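Take a look at the structure set out below.
The values are calculated or read from the model by the stated rules, or taken from the named source; none is laboratory data. Given the structure is predicted, the values throughout are model-derived calculations rather than measurements. Cβ atoms come from the backbone with ideal geometry, glycine included; neighbour counts cover every protein chain shown.
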Amino acid sequence: MNSSRFFRIALVLGLLSAIGPFAIDMYLPALPEIGSSLGAGIGEVQMSLTVFFLALGVGQLLYGPVSDMVGRRPPLFIGLGVFALASIGCALATDIEMLIALRFVQGLGAAAGMAIPRAVVRDLHTGSDAARLMSLLMLVFSVSPILAPLAGSAVIALTGWRGVFWAVTIAAVIGLATIASVLKETRPAEERVESSLGSALRAYGVLLRDAHYLGLVFIGAFAMAGFFTYLANSSFVMIDHYGLSPTVYSVAFGVNAAAFFGAAQLNGALCERFGIVRVVKTSVTACGAVMVAMFLYYLGGGDELAVLIVLYFIASALMGFVIPTTSVLALEQHGAIAGTASALLGTLQMLTGAVVMTVVGLFTDGRPLPMVAGMAGGALIAVVLAWITLGGRRSAGYAAG
């Protein structure tokens with residue numbers, strides 16, 4: 001694949017993958033205002049975020065096998081269509097219960113854009129090339145956490161929180177047009193012959209019995225769980241506790257996101273030089289150490305915003321080396337069922353994140369410590385899983401990327 005086509009594919013897949021997260025990140029500065037507007041408490045407002053993650057996870061279980069059976073394009077059209085309609089409903093919601101229900105439907109639609117692009121990457125490449133394409137995809141994907149909170153702040157200032165949902169409706173329509181005009185089918189008809197509901201169920205059985213696959217999935221899951229905890233709590237901590245404006249909060253959020261996606265662009269070169277396994281193990285261990293240091297600082301009574309931002313900037317960069325590469329390794333041995341494997345990966349990671357967010361939410365009081373404790377806990381579990389999963393003989397074959 002020449003470099004221009006390589007970049008074009010990454011651009012399209014990145015934009016499709018970003019639509020669902022855009023509906024999260026653009027929404028974050030609005031959380032306190034939504035609570036005031038709909039008369040809802042912190043827990044209820046966070047629930048509208050949690051159910052989106054749950055639906056984003058569960059929906060991928062459907063889209064992955066369907067994309068193996070009928071191709072990658074049709075379920076993308078259906079998913080983005082559902083997402084657009086639910087976004088309109090969210091913009092018109094009159095109470096928090098309605099918003100929560102519609103956010104669940106919105107997440108079901110967005111799940112197509114999460115599961116299928118990873119399968120397309122596996123359709124086209126493996127090994128270091130797949131790691132490079134996945135990282136380039138995530139560079140495009142980075143437009144969401146870097147620009148979406150700033151865009152959300154601007155939209156909220158002009159139109160109120162409901163304008164956020166009209167904006168993501170427009171993004172979904174653009175996504176549908178992009179699929180129609182640019183994205184070609186990457187799963188040929190002859191490769192779909194053996195795909196059916198029965199084969200999908202058998203494939204899930206194979207994957208759930210593959211300890212190596214599950215280990216890689218959960219390394220990424222618990223690394224991401226810390227990020228999800230940050231997503232759910234950072235606006236309350238930074239806006240209400242530290243007194244930042246929504247715009248300044250959006251800048252702080254975007255800086256950390258830039259660290260993640262900037263670091264991810266080094267994955268191809270690092271994996272070729274040191275091997276994918278070594279990159280994952282070193283990065284996840286360093287990330288765990290940084291998160292423990294942050295937790296100990298707040299546990300000891302510290303309360304400087306600069307410490308939170310600087311240490312999480314470092315941890316975010318290290319996660320940029322972990323999350324794309326563990327996804328590549330998890331799918332490496334399952335090319336024939338790449339859609340199903342990608343779907344289960346996404347589902348387990350989203351559900352893990354939602355569970356961790358819910359548990360941390362039980363202790364949320366608007367101060368940094370509960371949030372930081374959840375972030376550090378996820379990072380430490382990822383460290384343990386990395387050394388268990390990637391320490392055995394099976395990992396040797398990946399050492400050279």
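If a residue must be part of a helix (DSSP H, G or I) and acidic (D, E), how many such residues does region 72-121 contain?
Pass one, region 72-121, residues part of a helix (DSSP H, G or I): 73-91, 96-121.
Going one step further and asking which of them are acidic (D, E), we end up with 97.
Count: 1.
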* Evaluate the following for D95: is it of a type in the set (D, E) and touching a residue at least 60 places away in the same chain (Cβ under 8 Å)? => no
* Structure fact -> Cβ pairs under 8 Å, 6+ apart or interchain, first in region 61-74 and more than 16 Å from L108 (Cβ to Cβ) and acidic (D, E), second modelled with pLDDT under 85 and not in a helix (DSSP H, G or I), ordered by first then second residue, are D68/R187; D68/R192; D68/S195
* V372 fails exactly one of the following numbered conditions: (1) in contact with an Asp or Glu (Cβ under 9 Å, 6 or more places away or on another chain); (2) over 21 Å from M114 (Cβ atoms). What is the number of that condition? -> (1)
* **Residue in region 334-356 that is more than 26 Å from V206 (Cβ to Cβ), in contact with a Gly (Cβ under 8 Å, 6 or more places away or on another chain), surrounded by 17 or more Cβ atoms within 10 Å (Cβ to Cβ) and not small (G, A, S) present** => yes
* Filter region 20-42 down to the residues that are part of a loop (DSSP other than H, G, I, E, B) and under 18 Å from the mean Cα position of the chain (by Cα), then identify the one that is surrounded by the most Cβ atoms within 10 Å (Cβ to Cβ). => M26
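Condition check ((1) out of contact with any helix residue (DSSP H, G or I) (no Cβ under 8 Å at 6 or more places or on another chain); (2) hydrophobic (A, V, I, L, M, F, W, C); (3) part of a helix (DSSP H, G or I); (4) under 20 Å from I314 (Cα atoms)) across all residues:
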residue: A223; (1), (2), (3), (4): no, yes, yes, yes
residue: N233; (1), (2), (3), (4): no, no, yes, yes
residue: D240; (1), (2), (3), (4): no, no, yes, no
residue: A252; (1), (2), (3), (4): no, yes, yes, yes
residue: A258; (1), (2), (3), (4): no, yes, yes, yes
residue: R278; (1), (2), (3), (4): yes, no, yes, yes
* Any chance S283 is touching a helix residue (DSSP H, G or I) at 6+ places or on another chain (Cβ under 9 Å), hydroxyl-bearing (S, T, Y) and under 29 Å from G152 (Cα atoms) -> no
* Asked: If you go through region 272-291 one residue at a time, do you hit one that is more than 17 Å from M224 (Cα to Cα) and modelled with pLDDT of 95 or more?
  -> no
